[in-house]
Every structure is written in structure tokens, then in C-alpha cells.
Amino acid sequence: MKCKGEKRESSGCDEGPKGKMTLLLALVALISAFGSSFQYGYNVSVINSPAPFMQEFYNRTYLNRSGVPMDSSFQTLLWSLTVSMFPLGGFFGSLMVWPMVNNCGRKGTLLINNLFSIVAAVLMGTSEVAKTFEVIILSRVIMGIYAGLASNVVPMFLGELSPKNLRGAIGVVPQLFITVGILVAQILGLNSILGNATGWPVLLGITGIPSLVQLLTLPFFPESPRYLLLQKGDEEAARRALQKLRGWDDVDDEIKEMLQEDRSEKEEGQFTVFSLCTFRGLRWQLISIIVMMMGQQLSGINGVFYYADRIFQSAGVDSNSVQYVTVSIGAINVVMTLVAVLIVESLGRRILLLAGFGFCCVSCAVLTLALNLQNTVHWMSYLSIVCVIVYIIGHAIGASPIPFVMITEMFLQSSRPAAFMVGGSVHWLSNFTVGLVFLYMEAGLGPYSFLIFCAICLATLVYVFFIVPETKNKTFMEINRIMAKRNKVEIQEDKEELEDFHTVPGGQGEKKEVFSSGL
């Protein structure tokens, strides 16, 4: 690139061929998201439709073993475990993120992770033949571990592969495939397809197919160039990976930006979770991801999906039609997440976060009113369905996809694995809490339970408005400088970097521009 100083930015050189979506980058994003993120969504939703048939299997198996029917309270406990073991496994999977991505790499972790999914799929698919319901509960834990790793590693991997002007759009692709997974599970779970007494083992078992596809294809794609350069110290391998991903040979600018980031982090070294939590220079980044992850899950999204059928039945929808309404809601979720992929680079992250949590907040408030009045005002049942749709739209465009993008963008290479471990743990613990508590909330508070979700959405919206910066089209170092001001710390690398760069012919002007643009 021949751009210098101010001309570099104004001429749009930075948005040249390096910023384009290449076939290789598109393929690695699709394979990573299909092989990993898809299954998170699939397993969130897959046990909703066949629940009565699975519970009958639990009861029948227990009766054959003991000669007496299963007590209803024990059956409720077993089913609660079947539902809640998935997010609990997700929490354990999140705890594995830091050691695995640092030791095995991003791509290596995804490949190893596929083994969890394939083992769980085989166990669940053969559970009825083996006449054991315990392996279903065990498999839900294993699938949770798989999803916990996948939900953190895929956004990290794709964020590090992407050029800065596509990082947001590619970062939303994993969430798009989560919604596709939810929709596919809802369609296959229809009573006329696999959501019946004979089809449910197949429904549970086919979750291993995407993992098999990823296991066979992902080895042919490059590892994260940032991991290769900054953690393995292999500049040549990083350069080759970047050249393949960008589709041309001149990747010097990105290599320089990575080396600049590396030098600025030398003093801290690799962050552990403890050092991340105690380091002043990352305080507001850490608080921000915790707030956004708690807001994402405690706003009630999985309460809506885990118990979607109950919500529509309480809104007056005929019980025979509920499963088709649920599928249509899943389709809306996919379409709106696709919209988020298309608009995140033009509107930015902040706008989508604010709009998303705003829609969720208003729809929860109106839904409370609608559910309370549906027995006295006949059209309120329709309004409640509209509220659920608006809620899904809000979550799909902002609250669901953007927090994971922000973790990738708000942290540098040394702290990113620990940040994903913290963010992922909060995500899954919050998910587990909603799955465990929502039924009790609904029983105790009725429609007023959505007011709690409304308050959480509002609190998250206010925090984002005042604290979270826009990260669109900025390098990781530029974002780091913005947050350094909020943390009231100074980044000391400027002078050293400029001195180091004096030895590069014609490079001094370029380097000064890179520094001035972020200040």
C-alpha cells in the first residue's frame, strides 16, 4: 500500500482489497459457524417438542427396571436436570476456553471440541435402544461443554481472522447459525417429522453431523494469524495465513499492527482470569462484558425459547397450532439476525445494542399488560404475540449477537482468552439461572415476571449508553486507546514504537498516522 499520512484515510486506501470478503474467509466462517455455533442453537431448542415422548420413555424405563411407576416429582426432577444440564455444561466448557485456546490454538480447539459433540450424539441416539435415560442427561452435560467452548472460541477465531471493516459482520455469523440451529430443531421437532414417539432419538442423534463435517474440512483452513504471530512467534506462518485469507500478498500493514500490539503488551504477558480481574487498565472492559453478557441472558431470551409453547398457549393460541407458531418465530429470529449481519458495519455496534435492548424492554413491559388483560380484552392475546415477536427482533439485532463481537474487539491478544472465559462463564451461568428459575417465577409472579426482564433490559441499555464505545472500523489498538482513557491509564508504547519504526524505510509517516488516528 502506498498511502501516506492523511491521504491514507481520506483516499479510502484502508478499505481496499484487504477489506474484501474472500472466498476462503467466507468458507472458514461458514464451516466454523455451522460445525460449532449451529449446534448450540440446535441443542437449546431440540428437547422442547419431543418432551412428552422423552418423559414417557423415562417413565417406561423406570417401570421396567423397578416394577413401579415413576413418582411425578421425581420425573419433574429428571426433566429439569435434562434441561438445565446443558447450560451447566456450557459453564464448564467456558472454564476450558483459556487453557485450550492458548495451548491448542483457536482452530485446534474447535477440532478437538468436535469429539465432545460426536460422543454425545452417539449416546443420545442410542439411548432408547440401550434403555437408559441417564445417558441422555450425561450427554446434555457433554453437549453443554461442547457449546460452552464453541460459543466462545468461534467468535474469537473469526474476529482474529477478519479485516477490521468486516469484523462486526463476520462476528455476527456465529449468532446467525445459532438461530438457524434453533429453527432447524423446531422444524425437525414437528410431530409430523421427528418430534414423535419413534423419531426423537434420531432428532437428538443427528446433532453430530455438523461436527463430522467440521472435523473433515476445517484442517484445510488457516489458523488465526494473530495466534501464530503473537503467541507462537511464527511470523512466516502468520504471513502465509493472512495472504490466503486476504487473497493477495501485501499484508505488511496488518503484520505491523499485530507487532505493535505485541510490543505494547510485553510487560503484562498472557493474562490469567485473576490478573484480568485485578488489572486496572482493563477494568471497564471487564465490567462491560459482564454487564452485556448478564443483560443478554437475564433479559429472558432463553426463558422465551425454553418455554415458548407455554407462552403462546397462555396467550390463547390453540395447542395444535403452537408448534407452527414457534417455528415462525424461529424464522423471524433467523431473518433478523441476518439483517444484523448486513447492517452492523454501517450502523455500528452501539446503535444495535441500544435498539435491541430498547425493543426488548418495551416489549416486556407491554407483554406484562397484555397477558394480564387477555381474559377481559379479547385482542390482547394477539398483542402479546406481537410483543414476543418484537422481543425476538430486538434480541436478534443487538442483544444476542453484539456482546460476543465486543469481547473480541475490546481486548487485545494477551487478555482475549481470559476475557472470553469470564464472559462465557457469565453467559452460561445466567443461562442456567433463567432455565432453573423461570418456571418458579412464572408460578409465583405470573405475567409480572416479565417486568423483571424489562428492568434488566433497561439497566443494560443505560449502561451501554453511558459506558460502551463504538468500535466499528477500528483496530484493536485504537479501541484499546479509547478504553485506556476511561480506565485513566496511559499507553506507553507511542515513543518506543516510533523509535523502533525509524529503521523501516518510508514507514515513519505511516506509523505516526496510525497513532494519531486513535487519539
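The values are calculated or read from the model by the stated rules, or taken from the named source; none is laboratory data. It should be emphasised that the depicted structure is a prediction, and the values quoted were computed from it without experimental measurement. Quick reminder, even Gly has a Cβ in these numbers, built from the backbone with ideal geometry, and neighbours come from all protein chains shown. Quick note on the areas: whole protein, heavy atoms, side chains included, nothing else; ligands and nucleic acids left out. Shrake-Rupley method; radii C 1.70, N 1.55, O 1.52, S 1.80 Å.
Points to keep in mind about this one:
- Test result for R60, buried (at least 20 other Cβ atoms within 10 Å of the Cβ) and either touching a residue at least 12 places away in the same chain (Cβ under 8 Å) or part of a helix (DSSP H, G or I) (or both): no
- So V83, is it closer than 24 Å to L242 by Cβ, in contact (Cβ under 8 Å) with a residue 24 or more places away in the chain and surrounded by 17 or more Cβ atoms within 10 Å (Cβ to Cβ): no
- Some residue of region 48-57 being among the hydroxyl-bearing types (S, T, Y), touching an Asp or Glu at 6+ places or on another chain (Cβ under 9 Å), touching a residue at least 12 places away in the same chain (Cβ under 8 Å) and open to solvent by 30 Å² or more (accessible area, probe 1.4 Å): yes
- S162, sole failed condition from (1) over 13 Å from the mean Cα position of the chain (by Cα); (2) closer than 28 Å to T198 by Cβ: (2)
Residue-wise test of (1) among the hydrophobic types (A, V, I, L, M, F, W, C); (2) touching a helix residue (DSSP H, G or I) at 6+ places or on another chain (Cβ under 9 Å); (3) open to solvent by less than 60 Å² (accessible area, probe 1.4 Å).
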site	(1), (2), (3)
P210	no, yes, yes
Y227	no, yes, yes
D234	no, yes, no
Q243	no, no, yes
W248	yes, yes, no
Q270	no, yes, no
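- Residue in region 38-45 that is of a type in the set (V, I, T) and either in a loop (DSSP other than H, G, I, E, B) or open to solvent by 10 Å² or more (accessible area, probe 1.4 Å) (or both) present: no
- Residue, farthest from M477 (Cα to Cα), within region 238-255, restricted to residues that are in contact (Cβ under 8 Å) with a residue 60 or more places away in the chain and over 28 Å from the mean Cα position of the chain (by Cα): W248
- Residues that are buried (at least 17 other Cβ atoms within 10 Å of the Cβ), part of a helix (DSSP H, G or I) and among the hydrophobic types (A, V, I, L, M, F, W, C), drawn from region 463-481: V464, F476, M477, I479
- Unique residue being farther than 17 Å from N114 by Cβ, assigned to a helix (DSSP H, G or I) and not polar (S, T, N, Q) when the list is L194, L218, L183: L183
- Residue that is modelled with the lowest pLDDT [pool: residues in region 445-501 that are closer than 18 Å to G348 by Cβ and among the hydroxyl-bearing types (S, T, Y)]: T475
- Any hit, region 279-296, residues being open to solvent by 30 Å² or more (accessible area, probe 1.4 Å), farther than 17 Å from M406 by Cβ, in the same structural domain as S414 (by the TED database) and part of a helix (DSSP H, G or I): yes
- Consider region 195-208 and keep the residues that are within 12 Å of V46 (Cβ to Cβ) and open to solvent by 30 Å² or more (accessible area, probe 1.4 Å). The one that is farthest from the chain's Cα centre (by Cα) is V202.
- Selected residue (criterion: least open to solvent (accessible area, probe 1.4 Å)) from residues of region 341-367 that are over 14 Å from V390 (Cα atoms) and among the small types (G, A, S): G348
- Filter result for V377 (in contact with a Ser or Thr (Cβ under 6 Å, 6 or more places away or on another chain) and β-branched (V, I, T)): no
- Qualifying residue in region 326-339 (condition: modelled with pLDDT under 85, open to solvent by less than 40 Å² (accessible area, probe 1.4 Å) and not in a loop (DSSP other than H, G, I, E, B)): yes
- Residues that are in a helix (DSSP H, G or I) and either closer than 15 Å to V291 by Cβ or among the aromatic types (F, W, Y) (or both), drawn from region 406-417: M406, I407, M410
- The condition of being under 28 Å from I301 (Cβ atoms) and in contact with a Ser or Thr (Cβ under 6 Å, 6 or more places away or on another chain) holds for only one of G205, G189, G181, that being G189.
- Residue match in region 68-81 (condition: modelled with pLDDT of 85 or more, more than 30 Å from S430 (Cβ to Cβ), in a helix (DSSP H, G or I) and of a type in the set (V, I, T)): no
- The set of residues from region 431-462 being more than 18 Å from L367 (Cα to Cα) and open to solvent by 70 Å² or more (accessible area, probe 1.4 Å) comprises L436, Y440.
- Of all residues in region 316-325, exactly one satisfies the criterion of being farther than 21 Å from A370 by Cα, among the polar types (S, T, N, Q) and open to solvent by 40 Å² or more (accessible area, probe 1.4 Å), namely N320.
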